[in-house]
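To keep things clear, I will list the structure first and then write my remarks on it.
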Amino acid sequence: MKTMNQLLKEIRHNPLLWLLAFVPVVFVGQRLAPEAHTLLFVLSVLAIVPLAALLSHATESVAAKTGDTVGGLLNATLGNLTELVIALTALRMGQHMLVKASIAGAIVTNTLFMLGASFLLGGLKHHVQEFNVAGARVQAVQLFLATIALLVPSALSGADSVQMVAFTQTLSLCLAILLIATYCLGLLFSLGTHRELFGGTGHGEAEEAPWPMGVAVATLAAVTVLVALVSEVFVESVQEAALAFGMTQAFVGFIVVALVGAAAEMASAFSAARKNRLDLSVGIALGSAAQIALFVAPVLVLASYIIGPSPMNLQFWPGAVVMMLIATLTATLVSSGGRAAWFSGVSILVVYLIFAITLYLLPPRA
Amino acid sequence: MKTMNQLLKEIRHNPLLWLLAFVPVVFVGQRLAPEAHTLLFVLSVLAIVPLAALLSHATESVAAKTGDTVGGLLNATLGNLTELVIALTALRMGQHMLVKASIAGAIVTNTLFMLGASFLLGGLKHHVQEFNVAGARVQAVQLFLATIALLVPSALSGADSVQMVAFTQTLSLCLAILLIATYCLGLLFSLGTHRELFGGTGHGEAEEAPWPMGVAVATLAAVTVLVALVSEVFVESVQEAALAFGMTQAFVGFIVVALVGAAAEMASAFSAARKNRLDLSVGIALGSAAQIALFVAPVLVLASYIIGPSPMNLQFWPGAVVMMLIATLTATLVSSGGRAAWFSGVSILVVYLIFAITLYLLPPRA
Amino acid sequence: MKTMNQLLKEIRHNPLLWLLAFVPVVFVGQRLAPEAHTLLFVLSVLAIVPLAALLSHATESVAAKTGDTVGGLLNATLGNLTELVIALTALRMGQHMLVKASIAGAIVTNTLFMLGASFLLGGLKHHVQEFNVAGARVQAVQLFLATIALLVPSALSGADSVQMVAFTQTLSLCLAILLIATYCLGLLFSLGTHRELFGGTGHGEAEEAPWPMGVAVATLAAVTVLVALVSEVFVESVQEAALAFGMTQAFVGFIVVALVGAAAEMASAFSAARKNRLDLSVGIALGSAAQIALFVAPVLVLASYIIGPSPMNLQFWPGAVVMMLIATLTATLVSSGGRAAWFSGVSILVVYLIFAITLYLLPPRA
């Protein structure tokens, strides 16, 4: 009961969480009008956003209570839990295109939209903002190296012969294992041997009071289940809804899914930028993108062998590869300066807009 | 009459302006020998170079008299007026290939040839030269972001289906509007909210005494008309002349038109480098390239809807895209060091030479 | 006799040189079992490694005795002599694929494997290591510019028409001459006009006592002949051996030949990293890669007109181009930080592993 009370108190003070009311509405809607795809799509989006926020807060509360090392590990592993659960749902339904679009989209959205909007929102309040170049550089380099692993299978797969398909699948499996091993070594580095270099990039723990352990773990478990259930409605309705809105599937996976999945982290990044703590914003944006590339993408490849109808590879649509590479290069260039003003944000957002417009206009079968 | 006297005095002191004698020769030549394409080509090149120098001086004189903000605005808008007028003439004749080659060529020539030759000429006189990294970085990043907008339509247009052609056209129009909006925001940033960051990159105003307002405006108007008329001869003769000289059309657009159009700015950039004012040289080179990408290119797309026989898109030849991207990356890398010696210049010029040789040797229909 | 004694003394103190015993074994093996390709391949690899070490020491001894300028020139020209001799042998046999794979592989191996392993080995002993950013930047930029010359012919050669083949050949010849000219100007810069900027990147001369001039020159001549003879066995057996080991030709050229050829330099780079002299390691790795691109590759193109059955061009397999570009960008990004820890090494080695796995799995005719 105490758990329940604490949760309700939290909800009352955070307007974003009022959207939780849409969670039951989604399930009722799915029962009553299973064919109203557009409505179900909108409802599921409105329901996922507050669930992602709860998930994020629960993860941080558990992390805060378990000490630096285990906490850092939890934050690093569950930081993109919403994206992971949505992608796993799509994977189980065999929608590899949507999964890949959401991986590429999450990398692009985190590096361009989250970073750009942070710079813009921070810059509208503060004349010039500074951030730690060394920290940003480590994350940008890591992101760049991870992106390469996603580019190689796509760059090499010209012909679609049987031999090449088998090659791409084996290669993707090997790369997935290699990336996860690298991710684990990276955690050993940042939480173990060189912990002192990474001080102060906690995901806004200081912002809100952490929940007690019981509340946090229970919320984590319950909300993950809810996200999984809502994701099912979301994935089922997304394609029909895209048609109704005149959006291409690429646009939906790349832009809509990515924005929905990262909503909670964006709220933290933007709030930090307004408070002139741009280090934190840059850390959330680049760290989250690197985690998608190094951890979420390979986990999905491995998971596809277990839960999917067929194994998924890491071969992306060439346009997505170009966009990931440009996004990573942009982040590397911009973050190497150490200073930002509102126009830095505009510049990065323009790149994001270019991609969004392109995907929106792209003919369905291009 | 006073205007005329001032202008004549200027001409007497600047040997470059003696080339103005070729302006009437071009028009006489066009009347008497309309088929002598090679001769007309050479004459029109010789006539455009001094006109461009006059245009540049006139723009700066008007800018100097109208105060910082309006002056900066004028300099920023009319800085590449020669390139713009030549391209508009080609556009009116429906020569989209030539227009695009001259856009790509102007970006490559400004970033590689103008920057490289400035480093070399400055380095032959001064052992090691330093320049402001922060200023160069802002312009290099802006140039990189603008180049992306020119790459995306080209990267995506694989098939030439009717659907893709329509997509490319709509996308180009949207990107053109987006780029011009970004350009305006950039002016608001550099002339308005963050003016203090951009001190001292005036285009060599201190070098020559500004003309009185009357002379300047009259010269600006008259010379623009002359450039337009000579450009017509230039564009009409360029293709036949290219054949006669054994040059490909790509080489002419990329190298010859770009060098002719930027001659006046090059003179300023080289002179600044010799005087150990490398900040100014870097500013002219990168600023001019960024202006072509952010302002001239989208204006030409929009203008093609009004004056052209058919609307122009932003889809470039893949080789041009690779060259623009390499040029931009080279500029970013080189300018991030903040120091230059003669070999820095040689290195950049070698990249330019690689491109020039490639375009010169390229078979006509490759 | 004195020469012989000195050489024998050297061999006794350096376990690596005990492998010299394999040199006669290779020639005996070739006589007795000319069809035992796998055995001959392994023997020739074991014989080349110590010969390369001797060659490296002999070059440095001659360089140490001839003063700074001539010595620097010798070091710069003969630094990759082993790679050059192996490639010349393959060239004489008309194996252009193997030559190109070994050029691309040497660039990738030096920038990724040598640099990454140096960072890792150094980082396992020292918590954080620092190195001179300015020196690393000069070499990284030079490497980047040289790589561009290798990319352009490959990027442009879409169709395989007769016209394009002739174009690619002429272009390759022009670029080869341009690159060698740039290399000579670079030597003039680093050994002549701006010598003071490049202090202290001698290839570990301080490590071992230099040999007397007579020993050094005699060793240089004799060992070069031996490398050439062993290379012949190596090149003849490599393809059959690759089949036997289940390796693709691309893997052999890219990974095996490159590792064998650079073994001696790697020993120096790794030893420097363990001694916390990371400047030296970075200098060897990037300098060697730049030398391959700027000097060895164009020399091979020119040599193919004299000793080869047919002239070689600079058109690489697209996958190799992508790998060279990524390797160069990675080196540029990583070296611009100026600090390294063990995870920096892991990150770079992961990129190398991605390439190695890809090449190992690649179907033979892809």
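The values are calculated or read from the model by the stated rules, or taken from the named source; none is laboratory data. Keep in mind it's a predicted model, so treat the numbers as computed, not measured. FYI the Cβ positions are ideal-geometry reconstructions off the backbone, even for glycines, and counts take in every protein chain you see. All accessible areas refer to the heavy atoms of the entire protein, side chains included, with ligands and DNA or RNA removed. Shrake-Rupley method; radii C 1.70, N 1.55, O 1.52, S 1.80 Å.
Here are the numbers for the structure shown:
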| read-out | value |
| --- | --- |
| Spin-label pair C:LYS65/C:ARG195, simplified geometry with 7 Å Cα→Cβ offset, distance in nm | 2.1 nm |
| In Å, descending, principal axis extents of the Cα set of chain A | 55, 52, 38 |
| Carbon plus sulfur fraction of accessible area for chain B, probe 1.4 Å, in percent | 67 percent |
| Other protein chain Cβ atoms within 10 Å, averaged over every residue that makes up C:344-357 | 5 |
| Interatomic Cα distance distribution for region A:213-317, bins of 5 angstrom, percent | 2, 9, 11, 17, 22, 19, 11, 6, 2, 0 |
| Spatial separation of Cα centroids for region C:294-366 and region B:289-366, in angstrom | 26 Å |
| Copies compared at A:VAL133 - label distances in nm, ascending, label defined 7 Å from Cα in the Cβ direction | 0.4, 0.4 |
| All lysines inside 17 Å of B:LYS275 as judged from Cα atoms, apart from same-chain residues fewer than 8 positions distant | B:LYS125 |
| Structure-based [θ]222 nm, chain B - -39500 (n - 2.57) summed over DSSP H runs of at least 4, per residue, nearest 500 | -23500 deg cm²/dmol |
| Interatomic Cα distance distribution for region B:75-115, bins of 5 angstrom, percent | 6, 24, 25, 27, 14, 5, 0 |
| Inter-chain shielding of C:328-338 (mean C-beta neighbours from other protein chains, 10 Å cut-off) | 4 |
| Other-chain or far-sequence residues with amide H under 5 Å of C:ASN276's (modelled H) | none |
| Cross-link reach list, lysines versus A:LYS65, counting only Cα pairs under 22 Å and skipping chain neighbours closer than eight places | A:LYS2, A:LYS9 |
| Summed buried accessible area for A+C [probe radius 1.4 Å, Å², rounded to 100] | 2600 Å² |
| Overall Cα dimensions of region A:40-186 - principal axes, largest extent first, Å | 55, 41, 35 |
| Distances in nm from C:GLY214 to the matching label points in the other copies, shortest first (labels 7 Å along Cα to Cβ) | 9.2, 9.2 |
| Per residue accessible area in Å² of chain B, where ligands, DNA and RNA are left out and the probe is 1.4 Å | 38 Å² |
| Dimensionless Rg over Rh [the protein assembly as shown; C-alpha; Kirkwood] | 0.99 |
| Chain A Cβ-axis minimum, rotational copy B, residue and distance in Å | A:SER336, 4 |
